[in-house]
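Heads up, the thing below is written out as structure tokens.
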Amino acid sequence: MSIDKSAIEKEINGPVDKISIIKLVDLLIEYAYQARASDIHIDPGEDKVKIRLRIDGVMQTVFAIDKSIQEEIISRIKVLSDLRIDEHQAPQDGRFKVSLTEKAAKVQFDVRVSIMPTYYGENAVLRLLVEQGRSFGFEDIGLSEKDYERVKRAIKRTFGMILVTGPTGSGKTTTLYTILKTLNKPGVSIITIEDPIEYSLEGTNQIQVNSKTELTFANGLRSILRQDPNIIMVGEIRDQETANIAVNAALTGHLLLSTLHTNDSATALPRLLDMKIEPFLIASTVNVVVGQRLVRKICVDCKAKKALTESEAKTIKNILPNSKEESLKQLYTGKGCKVCDNTGYLGRIGIYEVLEVTEAIRTAIVQKQSAADIRKIAMQEGMTTILEDGLKKAEQGITTIEEVLRVMNE
């Protein structure tokens with residue numbers, strides 16, 4: 001990454017009374033954008049303020065700023081986000097737009113802001129929603145041909161549920177938007193309810209959850225059903241009420257897409273049981289469950305071959321007893337170069353497991369079998385697990401074995 005830190009360092013290291021806070025905040029956002037960061041963390045300490053960036057899912061400390069300008073930086077961010085500058089003891093959330101020039105072209109994106117009072121004063125986390133303008137496509141997110149076919153079968157149906165599962169920051173929203181983009185045709189009505197709306201999708205109606213006006217996922221979903229939609233996307237199924245309405249919507253001729261916070265695809269089905277949804281309703285509405293994680297991609301400019309170490313082979317054998325780790329003798333790594341800022345990685349891609357709800361799985365759900373049993377059946381029917389998909393991508397030189405193991409151990 002040929003990003004010049006000197007402009008920011010010059011601003012930081014100059015006399016405190018000469019620092020332009022407006023310029024400093026602008027430079028930080030521009031630097032974060034160029035560095036492909038998803039988030040900027042402004043973390044106050046006892047005598048310094050740390051500026052950290054999350055790049056490809058990993059936090060990196062990039063600057064340390066004088067404590068004396070902490071309040072001014074936070075105030076500037078509050079002004080941009082239209083937040084109260086006289087409030088210092090309560091959390092505040094806001095948003096603002098940024099316009100930059102890159103290679104003679106104008107780039108616009110939103111920045112989502114969260115400010116929180118901490119022991120050393122207020123901190124700020126800025127999320128750069130840079131992907132708004134990107135084109136979502138299955139070829140970009142990393143679904144294998146077999147998994148893509150399974151998802152394609154599910155989205156061709158006019159009713160039922162498509163669920164995407166995984167921890168926070170595993171790319172679930174991007175997967176949902178990729179599916180929505182495929183389904184977004186003039187002949188259908190698509191309505192989404194999200195918290196927050198992360199990307200703008202032309203040709204759809206997007207609704208933002210708003211607790212102040214009691215526009216919750218459940219209330220919003222009820223209202224959406226009166227708007228004559230074909231396809232509904234619910235940002236997340238968080239509670240029993242939302243789950244009930246979602247299942248009923250999927251039963252009554254709507255294709256419903258949503259996310260669940262579970263570790264893998266099989267656990268999503270018992271999770272709906274925990275939300276007091278009848279087993280026969282789950283069995284007849286869920287079409288497919290996509291489990292996923294995000295791994296960093298090897299930088300193509302410094303990619304090199306490497307051999308599988310004994311400890312890596314042992315770890316794989318423990319997690320995946322039937323794995324053919326002997327086929328993984330030839331692997332790859334990133335040595336580190338200017339392009340990737342010496343990390344060896346550049347960008348991220350998904351690793352997936354796609355659980356198609358077949359007759360055997362439906363029977364298991366109705367019988368209230370455990371997630372482990374459902375997983376076993378899915379694997380017998382040819383489901384590739386997230387770990388297996390990750391190992392395949394390591395073998396293809398897309399990512400490293402260390403990265404797959406790191407993400408799975410998290």
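I'm trying to understand the selection: among the residues of the stretch 358-371, which are more than 25 Å from the chain's Cα centre (by Cα) and either small (Gly, Ala, Ser) or open to solvent by 30 Å² or more (accessible area, probe 1.4 Å) (or both)? If the condition is that a residue be more than 25 Å from the chain's Cα centre (by Cα) and either small (Gly, Ala, Ser) or open to solvent by 30 Å² or more (accessible area, probe 1.4 Å) (or both), then Thr358, Glu359, Ala360, Arg362, Thr363, Ala364, Val366, Gln367, Lys368, Gln369, Ser370 are the ones that fit. Against the test of being of a type outside the set (S, T, N, Q) and closer than 16 Å to Tyr177 by Cα, the options Glu214, Glu198 yield a single qualifying residue, Glu198. Apart from one condition, Ala246 fits all of (1) closer than 24 Å to Leu183 by Cα; (2) outside any loop (DSSP other than H, G, I, E, B); (3) free of Cβ contacts under 8 Å to residues at least 60 places away in the same chain; the exception is (3).
For Arg222, the conditions (1) open to solvent by 60 Å² or more (accessible area, probe 1.4 Å); (2) at positive phi all hold with the exception of (2).
Would you be able to tell me the number of residues in the stretch 273-300 that are among the hydroxyl-bearing types (Ser, Thr, Tyr) and either free of Cβ contacts under 8 Å to residues at least 12 places away in the same chain or open to solvent by less than 30 Å² (accessible area, probe 1.4 Å) (or both)? If you could, list the steps in order and put the result at the bottom.
Of all residues in the stretch 273-300, those among the hydroxyl-bearing types (Ser, Thr, Tyr) come to 284-285.
Those still in the list that are either free of Cβ contacts under 8 Å to residues at least 12 places away in the same chain or open to solvent by less than 30 Å² (accessible area, probe 1.4 Å) (or both) too: 285.
Of the residues in that region, 1 qualify.
Checking the stated criteria, Thr213 turns out not to satisfy the condition of being out of contact with any strand residue (DSSP E or B) (no Cβ under 7 Å at 6 or more places or on another chain), touching a residue at least 40 places away in the same chain (Cβ under 8 Å) and more than 26 Å from Pro279 (Cα to Cα). A count restricted to the stretch 7-62 and to residues that are more than 19 Å from Leu100 (Cβ to Cβ), in contact with a helix residue (DSSP H, G or I) (Cβ under 7 Å, 6 or more places away or on another chain) and at pLDDT 90 or above stands at 5. Condition (residue is more than 19 Å from Leu143 (Cβ to Cβ), in a strand (DSSP E or B) and within 21 Å of the chain's Cα centre (by Cα)) applied to the stretch 331-352: is it met by at least one residue? Looking through the stretch 331-352, at least one residue is more than 19 Å from Leu143 (Cβ to Cβ), in a strand (DSSP E or B) and within 21 Å of the chain's Cα centre (by Cα). Look at the stretch 66-93 and say how many of its residues are among the basic types (Lys, Arg), open to solvent by less than 50 Å² (accessible area, probe 1.4 Å) and without any contact (Cβ under 8 Å) to a residue 12 or more places away in the chain. Qualifying residue count for the region: 0. The test for being buried (at least 22 other Cβ atoms within 10 Å of the Cβ), in contact with a Lys or Arg (Cβ under 9 Å, 6 or more places away or on another chain), among the hydrophobic types (A, V, I, L, M, F, W, C) and modelled with pLDDT of 95 or more does not hold for Val234.
The values are calculated or read from the model by the stated rules, or taken from the named source; none is laboratory data. Just so it is clear, the model here is predicted, and its values are computed rather than measured. Glycine gets a Cβ as well: all are built from the backbone with ideal geometry, and neighbour counts include every protein chain shown. Surface accessibility is based on the protein's heavy atoms, side chains included, excluding ligands, DNA and RNA. Shrake-Rupley method; radii C 1.70, N 1.55, O 1.52, S 1.80 Å.
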